[in-house]
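Worksheet for the structure shown next.
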Amino acid sequence: MTPAQRTGLSIGLATGLYGISFGALSVAAGLSVLQTCALSALMFTGGSQFAYVGVLAGGGTGAAATGAATLLGVRNAVYGLQLNALLAPRGTARRLAMAHLTIDESTATAVSQEEPGEQQRGFWAAGLATFVLWNLFTLAGALLGDTVGDLSAWGLDGAAVAAFAGLLWPRLAGRDEVAIAILAAVTTLALVPLVPPGIPVLGAALVAAVSALLTRPASVRGTR
């Protein structure tokens, strides 16, 4: 097993475990166990799923829940553009599979690798591990219901954050990278109390992208 695969599996485990919380919350919001499992299998993007059941739990309509989930899912389309250029998938079946597995975890694992082969292996390891475990633990949470309790008290939400921090740390090789990371973090913290969950990630990504572009040497910005 390569380092990228080990990273992908560890992130998949940390994220998948939090599916218990989604399963329990979804059933509490009024969805059946089957509907909850279908949502995880077909939508498969945590932020959008939590937004969907959150709107329903608050008394919102299905249309409002779908709108909120779609808004948060925009970031996956942005990831897809980057991964399409990075991984260059071939064949319709492979493209469809990669599109479905394009989430925060698989994207972060892939782009944190330097070697093309490791980028591919990291993407698939993180994507498949997260998909399988997220769906399994969604089912467990839906069946257990209120007995699950608050997973933040278990520290599982922190486990996912720690996994992403581990991916980010090796990339902070210079002052510009550190400065951009700090700016993105500040942007996220500033947006958290103001906008729905998931939107701060988009804001931080936009700030990081613009900052990275502005800090590149002029000779590089002028090339294709």
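Read-outs: derived from the displayed coordinates by stated rules, not from any lab. Quantities reported herein were computed from a predicted structural model and do not represent experimental measurements. Don't worry about glycine lacking a Cβ; one is built from the backbone with ideal geometry, like all the others, and counts go over all protein chains shown.
On full extension of the chain, what length is gained from A38 through L189, given 0.36 nm per residue of separation minus the C-alpha to C-alpha distance?
51.1 nm
Given the Cα-Cα distance of A63 and A28 and 0.36 nm per residue of separation, how much length would full extension add, in nm?
That works out to 10.7 nm of additional length.
Taking neighbour Cβ counts within 10 Å as the exposure measure, how do T102, T188 sort from fewest upward?
Ordered from fewest to most neighbouring Cβ atoms within 10 Å, T102, T188 come out as T188, T102.
Which FRET efficiency value, to the nearest 0.05, do you get for L13 and E114 by plugging their Cβ-Cβ distance into 1/(1 + (r/R0)^6) with R0 = 22 Å?
Working from the Cβ atoms, E equals 0.40.
Set the Förster radius R0 to 35 Å, insert the Cβ-Cβ distance between A97 and A179 as r into 1/(1 + (r/R0)^6), and round the FRET efficiency to 0.05.
0.40
Where does each of M98, M43, M1 land when they are ranked from fewest to most other beta-carbon atoms within 10 angstrom?
If I rank by nearby Cβ atoms, fewest first, I get M1, M43, M98.
Hand me the GluC sites (Glu not before Pro) from the stretch 75-139 located in a DSSP loop with no more than 15 other Cβ atoms within 10 Å, in residue order please.
Those that pass, being in a loop and sparsely packed, are E114.
Cut-off is 10 Å between beta-carbons; in what order do L34, L136 appear when sorted fewest neighbours first?
L34, L136
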